[in-house]
Amino acid sequence: MNELAGKHIVLGLSGGVACYKSAELCRLLIKEGATVQVVMTEAAEHFMTPITMQALSGRTVYGSQWDAREPNHMPHINLSREADAIVVAPCSADFVARLAQGRADELLSLLCLARPQNSVPLLLAPAMNREMWAHPATQRNLAQVAQDGALVLGVGHGDQACGETGDGRMLEATELLEEVLAFFTPKRLAGQRVLITAGPTFEAIDPVRGITNHSSGKMGFAIARAAREAGAEVTLIAGPVHLPTPRGVQRINVQSAQNMLAAVVERAQAATIFIATAAVADWRPAAPSEQKIKKDGSGQMPVLHFVENPDILATVAQSPHALVGDLFCVGFAAESHDLLAHATAKRARKGVPLLVGNIGPATFGRDDNALLLLDAQGHRELPPASKRVLGQQLVEEIAARLPQPLTSH
Ligand code: C5P
């Protein structure tokens, strides 16, 4: 992955135990193709040596505004002008207070103040004890820096270095990377509310057994992540899968097709885009047993009767909300052969403007895929790529097909 290729990030560290996570963040940013210039406050150097950050970033760390390496003796100007973004992680309570006041008596706060506000965004990853986090002074300062144009990232909840438990932990390095990637993504779905189904369903036979399938949920989760990065508010209705929830996505776990339908119907009215990636079981046992079905010694498996599950996509696509054009519906087709013919028929049957075909056995559980997009105009292929990339491409394709808002004259 090279999603930050060509981007130059100034990674600022202020004082806090969370500095140890910044070492990993630096590595992850570089792995994504960014160049990283680390700037550390004096307090940060008590928690992490500049040598470590130098080794990870491949550049000497800056710590002083009097650094003689800069011929013009103006590291605050030089470093901030070449950056695509300044990320302060950890951003201590003291550092937030300094930013709120516009102080400039050490290099990191000085370069934050000196940055061109319109072209060099400032992202802050707060890290502090829970009482410091909850203190009105901190919250007041955070509100002030946000108002002044900084993007204040969230904090985690959990055990703190001081032995207490609560809010104020710095986000993990992988979460911060996700936030940075989201930040750089064009907001093609700004203002959209996206509802996505993903994963398999589980249809109970009895309390310990059921029928499910091999859908991993990876494609749906990748689309959910890409949609959120593109600025949408995303709700993900997930069947039983063990995948981490993408940052900023609201996830609702369900088991059966009927659970999934209920969860979708409840939220479809508020959505503007519905993407059905779930591999919903076509059938469910007509009368699941309340007790475990035991062997009866006959050597015969008991006969199970099945009834057809509701078609969630077709139900939503035929709802008045979708029919008047307020909900853009996207269906998926997992086929084993004759993809174009089957997917064309499925698009008509489901009544959706966009249908995405893929070869089921070639994609279930894998990290890559290839997609065939079909709409009223025809079809086109999205060639083999990771589900991450395909999720991003599909979000672009959906954004391009959304009805244009009426412009007033
Ligand atoms: O009919 P088939 O299962 O092949 O259709 C696949 C598409 O329909 C997918 O988008 C899937 O999420 C959706 N679907 C659904 N409810 C069902 C069956 C399929 O939403 N009961």
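The values are calculated or read from the model by the stated rules, or taken from the named source; none is laboratory data. All of these numbers come straight from a predicted model, not from anything done at the bench. Heads up, the Cβs are rebuilt from the backbone with ideal geometry, glycines too, and the neighbour counts pull from every protein chain shown. We work out accessible area using only protein heavy atoms, side chains counted, and drop any ligands, DNA or RNA first. Shrake-Rupley method; radii C 1.70, N 1.55, O 1.52, S 1.80 Å.
So how far, in whole Å, is the C-alpha centre of region 356-404 from the one of region 211-239?
Result: 13 Å between the Cα centres.
Applying the Karplus parametrisation 6.51 cos²θ - 1.76 cosθ + 1.60 with θ = phi - 60° to the phi angles of region 162-172, what ³J(HN,Hα) value in whole Hz is obtained for each residue in order, glycine and proline being reported as x?
In residue order, the calculated couplings are 6, x, 8, 10, x, 7, x, 5, 5, 4, 5 Hz.
Structure shown: which of 346/387; 292/387; 31/187; 21/187; 31/346; 218/294 lie over 30 Å apart, alpha-carbon to alpha-carbon?
292/387; 31/346; 218/294
May I ask which residue of 160, 271, 100 lies farthest towards the positive end of the charge dipole of the chain, with charges of +1 (Lys, Arg) and -1 (Asp, Glu) on Cβ and the Cα centre as origin?
About the Cα centre, the residue reaching furthest to the positive side is 271.
With every protein chain left in place, what is the accessible area per residue of the chain in square angstrom, probe 1.4 Å?
Spelled out: the 1.4 Å probe surface of the chain, per residue, equals 48 Å².
What is the extension gain from residue 77 to residue 64, computed as 0.36 nm multiplied by their sequence separation minus the C-alpha to C-alpha distance, in nm to one decimal?
Gain on stretching residue 77 to residue 64: 3.4 nm.
Can you tell me the equivalent ellipsoid semi-axes for the chain? Use √(5λ) from the Cα gyration tensor, largest first, whole Å. Write out the running numbers ahead of the final one.
On the way: eigenvalues 449, 125, 76 Å².
Over the Cα atoms of the chain, the ellipsoid semi-axes are 47, 25, 20 Å.
Across every pair of different alpha-carbon atoms, what Kirkwood hydrodynamic radius in Å does region 8-184 reach?
After inverting the pairwise mean of 1/r, the radius is 15.9 Å.
Given +1 on the Cβ of Lys and Arg, -1 on the Cβ of Asp and Glu, and no further charges, what dipole in debye does region 8-184 carry about its Cα centre, rounded to the nearest 20?
That gives region 8-184 a dipole magnitude of about 260 debye.
Given region 8-184, what percent of its DSSP beta bridges are antiparallel, to the nearest 5?
If we restrict to bridges inside region 8-184, about 20 percent are antiparallel.
How much length is gained on full extension from residue 187 to residue 241, taking 0.36 nm per residue of separation minus their Cα-Cα distance?
16.6 nm
When DSSP beta bridges are limited to those with both residues in the chain, what percentage is antiparallel, rounded to the nearest 5?
Details: 20 of 62 bridges.
Looking only at bridges with both residues in the chain, the antiparallel portion is about 30 percent.
I need the GluC sites (Glu not before Pro) found in region 1-91, filtered to DSSP loop residues with at most 13 other beta carbons within 10 Å of theirs.
42, 82
Which value, in debye to the nearest 20, describes the size of the charge dipole of the chain about its Cα centre when Lys and Arg Cβ atoms bear +1, Asp and Glu Cβ atoms bear -1, and nothing else is charged?
Taking the Cα centre of the chain as origin, the dipole is about 600 debye.
So if R0 is 35 Å, what FRET efficiency would residue 396 and residue 315 give, r being the distance between their Cβ atoms, rounded to the nearest 0.05?
Efficiency at R0 = 35 Å is approximately 0.80.
Work out how much length residue 159 to residue 381 would gain on full extension: take 0.36 nm times their residue separation and subtract the Cα-Cα distance, in nm to one decimal.
Value of the extension gain: 75.2 nm.
Can you send over the solvent-accessible area of residue 326, 1.4 Å probe, protein chains only, in Å² to the nearest 10?
90 Å²
If you take the square roots of the eigenvalues of the alpha-carbon gyration tensor of region 296-389 and sort them as a ≥ b ≥ c, do you get rounded (a/c under 1.5), prolate (a/b over b/c) or oblate?
oblate
Express the relative contact order of region 8-184 as a whole percentage, based on alpha carbon pairs under 8 Å and six or more residues apart in sequence.
23 percent
Residues with amide H under 5 Å of residue 205's amide H, sequence separation 5 or more or different chain, H placed in the peptide plane at 1.01 Å from N; which?
Those qualifying (amide H under 5 Å, at least 5 residues apart or on another chain) are 210, 211.
Of 123, 111, 39, which is farthest on the positive side of the dipole of region 8-184, counting Cα position, with +1 on Lys and Arg Cβ, -1 on Asp and Glu Cβ, and the Cα centre as origin?
The listed residue farthest towards the positive side: 111.
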